[in-house]
Amino acid sequence: MTDTASDFGYAHRHLLGIEGVKAEEISFLLDLSDGYVELNRGESKKSSLLRGRTIINLFFENSTRTRTSFELAGKRLGGDVINMSVAASSIKKGETLIDTAMTLNAMHPDVLVVRHPESGAVELLSEKVNCAVINAGDGSHEHPTQALLDAVTIRRRRGRLAGLRVAICGDITHSRVARSNIHLLKTMGAELRVIAPPTLLPAAISEMGVEVFFDMRRGLEDCDIVMMLRLQTERMQGSFVPSTREYFHFFGLDRDKLQAAKPDALVMHPGPMNRGVEIDSDLADDLHRSVIREQVEMGVAVRMACLDALTHGLRGNNRPPLETAAVRD
Ligand code: NCD
C-alpha cells in the first residue's frame with residue numbers, strides 16, 4: 001500500500017485491504033460513513049461531491065449487493081458510474097487482466113472498483129493504472145469495504161469496537177470477509193474468536209491473534225457479536241463438510257446455540273445466506289437479534305465514504321470540510 005502525504009484521514013492511494021490500515025484511518029472512514037448514513041436516510045440523497053468523476057465497477061466474479069451498493073454510492077455522490085461484468089466480455093475473448101486494466105486506464109477513470117476470483121489480482125492491477133483502486137473482494141484474501149460496513153454496523157449498535165468479544169463462525173479458510181474483519185477488529189481492540197470445523201480453518205489462523213474453537217457453544221460463550229459466514233462452495237476443491245445437514249447441526253447458528261452468547265448479542269451475515277445451512281432462516285429474519293439488513297444499508301454509506309476519501313483525501317483538492325461533506329447539495 002503506497003503512503004502519500006494527506007491533510008485528511010485516509011493516507012493511501014488505494015484501498016486494497018484492511019491489513020496495514022491504521023486505527024485512526026479506520027476511525028476516519030467509519031466517521032465519514034456515519035455522515036453518509038444520515039444522507040441516505042433523508043429525502044434528497046444526492047450530493048455533487050463526485051461531479052465530473054468517473055467510477056468503473058470491474059467485476060470478474062458475480063455480485064449483487066456489493067456491485068449495486070458501489071453503483072448507488074457513486075451515483076448518490078454525483079459521479080458517472082459504469083458497470084462491467086468481465087466474465088461475460090473480453091476475458092472470454094482471451095484478453096488478460098492487465099490488458100483489460102490498461103484499456104480502461106486509457107479512458108481516464110478516477111476510481112476502479114475491482115472484484116476478482118484470484119487473491120492478489122486487484123493489487124497487481126492497481127500497480128498498472130493511474131487511478132485509485134478499491135478492492136471489492138479478491139479470492140479468499142480481502143474484502144475491505146465489507147469489514148468497514150460490518151464495523152459501522154457494530155459501532156452504531158454498541159457505541160464502540162474496543163473490548164467487544166466477536167466470534168466469526170464457519171468457512172474461515174475460503175473467506176475474504178473473515179480475513180478483513182480479523183484485521184479490522186484486531187486493530188480496533190476487539191477480542192476475536194473463530195469457530196469452525198478443522199477442515200475449514202487455515203493452518204496459520206492463530207498467528208492472526210485469534211482464539212480458535214471447534215465447538216459452537218464453547219466458542220460463542222459471552223460473545224457480543226456473532227458473525228456467520230457462507231460456505232464458499234465455489235472456492236472448494238473437494239469435500240470440506242460431510243453434508244450440509246450435518247454442518248447445520250454442528251456449526252449452523254440457531255436459537256439454541258445462540259443462547260451461549262450474551263443475551264443481547266448481535267447476529268451478522270455478509271450475504272448471500274444459505275438459509276438452513278449456516279444460519280436458521282427464522283433467526284436470520286428476527287429483527288431483535290439479526291442486523292443483516294442493517295449491514296446492507298451500511299454498505300452504501302461505507303462505499304460512499306471510501307469513494308469520497310480516495311478521490312478527495314489523496315489530492316486534497318477543494319474537499320468540503322468533513323462535517324458538511326455529507327449534506328452538500
Ligand atoms: C461476500 C463475498 O463476496 O466475499 N459477500 C458479499 O460481498 N456481500 C461473502 C460471500 O460471498 O459469502
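The values are calculated or read from the model by the stated rules, or taken from the named source; none is laboratory data. This structure is a prediction, so every number in the text was calculated from the model and none was measured. Glycine gets a Cβ as well: all are built from the backbone with ideal geometry, and neighbour counts include every protein chain shown. The protein model used for the area step is the full one, side chains on, heavy atoms only, and it has no ligands, DNA or RNA in it. Shrake-Rupley method; radii C 1.70, N 1.55, O 1.52, S 1.80 Å.
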Top-ranked residue of the stretch 62-79 - restricted to ones that are assigned to a loop (DSSP other than H, G, I, E, B) and open to solvent by 40 Å² or more (accessible area, probe 1.4 Å), ranked as farthest from residue 311 (Cα to Cα): 62
Candidate set: the stretch 154-185, residues that are within 11 Å of the ligand (Cβ to nearest atom) and of a type in the set (Gly, Ala, Ser); chosen: the one nearest to residue 228 (Cα to Cα): 170
Residues that are under 28 Å from residue 57 (Cα atoms) and in contact with a Leu (Cβ under 8 Å, 6 or more places away or on another chain), drawn from the stretch 156-178: 171, 172, 173, 174, 175, 177, 178
Subset of the stretch 133-187 (residues that are farther than 18 Å from residue 22 by Cα, touching a Gly at 6+ places or on another chain (Cβ under 8 Å) and either part of a strand (DSSP E or B) or among the hydroxyl-bearing types (Ser, Thr, Tyr) (or both)): 138, 167, 169
Wholly within the stretch 266-329, helices (runs of 4 or more DSSP H) carrying at least 3 residues that are modelled with pLDDT of 95 or more: 281-284, 292-308
Flag for residue 193 being more than 22 Å from residue 30 (Cα to Cα), in contact with a strand residue (DSSP E or B) (Cβ under 6 Å, 6 or more places away or on another chain) and among the charged types (D, E, K, R): yes
In the stretch 127-139, residue farthest from residue 180 (Cα to Cα) [restricted to those that are open to solvent by less than 10 Å² (accessible area, probe 1.4 Å) and of a type outside the set (Val, Ile, Thr)]: 131
Residues located in the stretch 148-173, provided they are open to solvent by less than 20 Å² (accessible area, probe 1.4 Å), of a type outside the set (Val, Ile, Thr) and over 21 Å from residue 31 (Cα atoms): 167, 169, 170, 171
Check on residue 26, away from the ligand (no atom under 16 Å from the Cβ) and in contact with a strand residue (DSSP E or B) (Cβ under 6 Å, 6 or more places away or on another chain): no
Residue 138 within 16 Å of the ligand (Cβ to nearest atom) and at pLDDT 95 or above: yes
Residue that is closer than 17 Å to residue 174 by Cα and either open to solvent by less than 70 Å² (accessible area, probe 1.4 Å) or more than 16 Å from the ligand (Cβ to nearest atom) (or both), where the choices are 266, 231, 253, 258: 231
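Residue-wise test of (1) hydrophobic (A, V, I, L, M, F, W, C); (2) open to solvent by less than 10 Å² (accessible area, probe 1.4 Å); (3) at pLDDT below 95.
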| residue | (1), (2), (3) |
| --- | --- |
| 175 | no, yes, no |
| 180 | no, yes, no |
| 189 | no, no, no |
| 197 | no, no, no |
| 202 | no, no, yes |
| 218 | no, no, no |
| 221 | no, no, no |
| 238 | no, no, yes |
Residue match in the stretch 35-42 (condition: touching a residue at least 60 places away in the same chain (Cβ under 8 Å), of a type in the set (Asp, Glu) and closer than 15 Å to residue 114 by Cα): no
Considering residues of the stretch 281-302 that are more than 21 Å from residue 165 (Cβ to Cβ) and touching a Lys or Arg at 6+ places or on another chain (Cβ under 7 Å) only, the residue farthest from the ligand (Cβ to nearest atom): 281
